[in-house]
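Taken together, the values in this text are just the output of simple stated rules run on the coordinates, not laboratory data. Everything numeric in this text was worked out from a predicted model, so none of it was measured. Note that each Cβ is placed from the backbone with ideal geometry, even for glycine, and that neighbours are counted across all protein chains shown.
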Amino acid sequence: MSVFSRGSAVFGSGPGRSGGGAGGGGAGVVAVVVGGLIAPLLVATPVAGATGVHAGEVGSPSAYVDPLIGSSNGGNTYPGANLPFGMIAWSPTSTAGDQTNTAAANGYSYNTTRVRGFSLTHVNGAGCHPGAAGDVPIMPFVGEVDSSPTADTKDQKYASGFSHANEKAEPGRYRVKLDSGASTDLAVSERAGVADFTFPADQPANLLFRVSNSLNGSKDAHIDIDAKNRKVTGWVETGAFCGRRANGGSNNRKSYYRLHFTASFDRAFSAVGTWRDGTLSPGATTAGGGEGYLTGADRAGRGSGGYVSFDTRDDNDVRMRLGISYVSLAGAEANLRGEIAPRASAADVAAAGRAVWDRKLRGVRISGGSEAQRTTFYTALYHALQQPNLISDRDGRYPGMGGDPDDKADAMGETRRVVRGQGAQYSNFSGWDQYRAQVQLLALLEPRVAGDFAQSLFNFARQNGGVWDRWVHISGATHVMTGDPTAATLATFYAMGVRNFDVEGAYASLYRQATVPHPDGLSDAGCPGQCEGQRPNLAQYLDSHYAAHDVCHCWGGAAETLEDAVADSALAHWAKLLGREDEAKELAERGGYWSNVFNPAAGNGVGYAQARNLDGSWVTPFDPASERGFAQGTSATYTWMVPQDVQGLAGAMGGREIAAARLDGFFHKPDGSWSLRGGDPLRYDATNEPGIHAPWLYNALGQPWKTQETVRELVNTVYGTGPAGLPGNDDLGTMSAWYVFAALGIYPQTPGRADLLLTSPLFPRAVIAPAGRRGAITVSAPAASTANPYIDSVRLNGRTHDASWVDGSLVRKGGSLTFGLTDHPNTTWATASERLPR
């Protein structure tokens, strides 16, 4: 296997990046999945200017994806092989000299160039450290296995360094040559994958299966080696997302899951062995034992695994085919058989994966723009389409939510099957993050997946006593963050035209959660970051019309009130669409409860959101730069978190002009310079969610040109190429989805509605083509350039449009937006008070 150089010809930009393909047309051979098996297929390369293909349109979007974007600067992305919404995500686990911790929450940091394995599962951009998954790291090791790899607690022996010059990450494939001389080539289908390893000739060659070494540790693990049939199988029981914080240190046993794997090889083993804690057992074929969920010295040196060795004197290549399942070993084997052909190579599987990614990424077809802009855009879309993730096997079985957290034998739920009409069960719902942008992009581009995801969350709620958890990992309720984001999410799906889920049942369940108190709402377990109650102290909330900070059993009373007001407003819109007028009126009124935590006297009479006590008094001392009463944000940020009622917020501040002036100060320092990267508690923070909608608030305040200049400044300076190209945690595609919308010149106005706010597009042309649904949206901006960030005019479906927003019919039916752009602000366009977003 050759050394992989980022500058070599094999990894250059290659043909097909723009203009429809190399040579202007022709045909090529790629591998695709047909009935779950790899097969060759001739595909035509589109010709620029041909019917249905616009001149200058990107022909192969995957060629512009750089999975390393966000792998530093706290982005917590991972560079490994995956498919859209796939179960398996095969990626490196790095080490900075501690086998119980990694240099980043997702197991990989660009600045840490030493790895201890390649693990099978990941979640994109999660912020908790230790994070989620990173299950079953598999390490190609050059040398004699003469001690327990678990005893190598500082990763001095059984890990290896590498150079980024010898690393290549692309959609569906990951390759690296380690300093040890071993090379790894990984490619995946949805639930399985192929790894081609190459070892130095005439040196000891081994694969280490660290079955217990998930990112968070493990409760238990097991490995079996079948030398006769050249197979390695096993499982790990893990979970406890966010580590010891879960439920006040009890590790939230309801979030446990079991991952099964099966690996088969194209050649015989020359030796085998296992280990448990510090004891190596050469020749043994079975072992078990977990690491626990602690970190540092308490976990170091614990756990189990196994190894297989190969004779490299005549053949130094090893091919491994691997399948996974959250249900059973039989499920893992069926997933492997159904998705990977018996003799498929990593290159074959990678070609199929690239075709899948190209098809999904063509959901948005852009024309024009610079190389860097195209790379940033399509990588953001790539990251946004990584979740939700499949957890059901090919036969529809999946691990249900539930189980008894006090049952020390097994806290996991029963095995379930998808309901009739449901395509698959999905999970990994970072609700507090995703409901603001990522779920809208999912509904826009992948409505079928969105519907299956909605049904998946409803399935979980029914298995969980009617409770919808705000952060679901695999089949576990983790309770992370605050508010009721599922209500906002499903209401948004419905508003945007998603219908393939039990609409009436889901709505009724969410309405009940919002109106009938649950005993968990009086629990302080997991608080502040993972409070057990999904609608904390609901009876008090319904009585006081705000979450009293001193008795709310929540992360922060002001934040909880603002979040619940957004959720209730979204439910109100859904109820209205369903014809439930009384409930719509009730919920719409509750959507205005935000005003009960707005103190007009706070900040020396400026007016801010502020937490209140049960007796109605304001929580003091007050500081707009403080997080007291809030969740991962300050009052200065949360005060703007009223997307459902911007006009009401402006009125509370003294009018639109005053509100706009305050918003100016939110984005700029006193000297007038931009403040957009976070770090100033009084100003905009692009790294976290509560304020990411704020740049679009100018539209409702009658100064849309300021939205245009602010969004363009963020697009140009906060996002970009390279490992530091994301402002912070991608949070399961949320920050990436923000960029996609911003670059297209549109943004969701508020949860529960399909209306879109407008800003200046980055590209001269973009076609948004929802999968499996008619009604494409064409966004044209012929004068788009870095010199023209301002809107001079807009035409909607060919007619003059003098408003900075469009209603949801554009999303549901499709149509065209044509922007006239200019280099200076048009301070009269879309400013009439009767035309402002409501």
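Pairs spanning more than 24 Å between alpha-carbon atoms, out of Lys706/Lys813; Lys585/Lys706; Lys669/Lys706; Lys576/Lys706: Lys706/Lys813; Lys585/Lys706; Lys576/Lys706. Relative contact order, whole percent, for the chain stands at 11, derived from Cα pairs under 8 Å and 6 or more residues apart.
If R0 equals 56 Å, the separation of the Cβ atoms of Ala372 and Ala508 corresponds to a calculated FRET efficiency of about 0.70. Under a model in which nothing but the beta-carbon of Lys, Arg (+1) and Asp, Glu (-1) is charged, the chain shows a dipole of about 1820 debye around its Cα centre.
Cross-link partners for Lys360 among the lysines, with Cα-Cα distance under 18 Å and sequence neighbours closer than 8 places in the same chain left out, do not exist in this structure. Here's the picture: charge each Lys and Arg Cβ at +1 and each Asp and Glu Cβ at -1 in the chain, and of Gly290, Gly421, Ala332 the one pushed furthest to the positive end of that dipole is Gly421.
A Förster radius of 25 Å, combined with the Cβ-Cβ distance separating Thr285 from Ser328, puts the computed FRET efficiency at roughly 0.75. Fully extending the segment from Ser270 to Ala625 would add 121.5 nm, taking 0.36 nm per residue of separation and subtracting the current Cα-Cα distance. The angle separating the long axis of helix 704-717 from the principal Cα axis of greatest extent in the chain is about 20 degrees.
For the chain, the 222 nm mean residue ellipticity estimated from helices alone, with every DSSP H stretch of n ≥ 4 adding -39500 (n - 2.57) and the total spread over all residues, rounds to -7000 deg cm²/dmol. Taking the number of Cβ atoms within 10 Å of each Cβ as an exposure proxy, the fewest-first ranking of Tyr382, Tyr78 is Tyr382, Tyr78.
Within the same chain, aspartates and glutamates fewer than 8 places from Lys231 are excluded, and of the rest, those with a Cα less than 16 Å from its Cα are Asp196, Asp266, Glu333. Pairs of C-alpha atoms in the chain farther apart than 52 Å represent 12 percent of all such pairs.
Segment Ala201..Lys157, full-extension length gain: 13.9 nm, with 0.36 nm per residue of separation and the alpha-carbon distance subtracted. For Ser785 and Leu577, a Förster radius of 41 Å and the Cβ-Cβ distance give a FRET efficiency of 0.55, rounded to the nearest 0.05.
Expressed as an acute angle from 0 to 90° and rounded to the nearest 10, what is the orientation of the C-alpha long axis of helix 329-339 relative to the principal long axis of the chain? Taking the Cα atoms of the chain, the angle to 329-339 is about 80 degrees.
Across the stretch 646-653, coupling constants 3J(HN,Hα) worked out from phi with the 6.51/-1.76/1.60 Karplus curve, θ = phi - 60°, read 5, 5, x, 4, 4, x, 5, 8 Hz, and Gly and Pro carry x. Computed packing ranks the peptides 689-697, 654-662 as 689-697, 654-662, most packed first, by mean other Cβ atoms within 10 Å.
Take every Cα pair under 8 Å whose residues are at least 6 apart in sequence, average their separation, divide by the length of the stretch 58-149, and the relative contact order is 24 percent.
Dipole orientation for the chain: of the candidates Leu259, Asn500, Val467, Asn500 has the Cα lying most toward the positive pole (charges on Cβ; Lys, Arg +1; Asp, Glu -1). Label positions at Asp615 and Ala55, each projected 7 Å from the Cα along the C-beta direction, are separated by 7.5 nm. In this structure the amide hydrogen of His668, modeled in the peptide plane, comes within under 5 Å of the amide hydrogens of Ser675, none closer than 5 places in sequence on its chain. Quick one: grab the alpha carbon gyration tensor of the stretch 370-835, order the square roots of its eigenvalues as a ≥ b ≥ c, and give me rounded if a/c is under 1.5, else prolate or oblate depending on whether a/b is larger than b/c. Note, shape of the stretch 370-835 comes out oblate. Each residue of the stretch 829-838 is assigned a 3J(HN,Hα), and the resulting list reads 5, 6, 10, 4, 4, 6, 10, 6, x, 10 Hz, derived from the Karplus form 6.51 cos²θ - 1.76 cosθ + 1.60 (θ = phi - 60°), x at Gly and Pro. Across the stretch 548-553, rounded Karplus estimates of 3J(HN,Hα) from the backbone phi angles (6.51 cos²θ - 1.76 cosθ + 1.60, θ = phi - 60°) give 5, 4, 7, 9, 7, 6 Hz, Gly and Pro being marked x. Going by a ≥ b ≥ c, the root eigenvalues of the Cα gyration tensor, does the stretch 527-577 fall in the rounded group (a/c under 1.5), the prolate group (a/b larger than b/c) or the oblate group? It is prolate, given that a/c is not under 1.5 and a/b is the larger ratio. Centre-to-centre separation between the Cα atoms of the stretch 438-512 and those of the stretch 657-696: 31 Å. The long axis of helix 447-463 is offset from the longest Cα principal axis of the chain by roughly 80 degrees. Counting only residues at least eight positions apart within a chain, or on another chain, the aspartates and glutamates with an alpha carbon under 20 Å from that of Lys154 are Asp98, Asp135, Glu144, Asp146, Asp179, Asp277, Glu291, Asp298.
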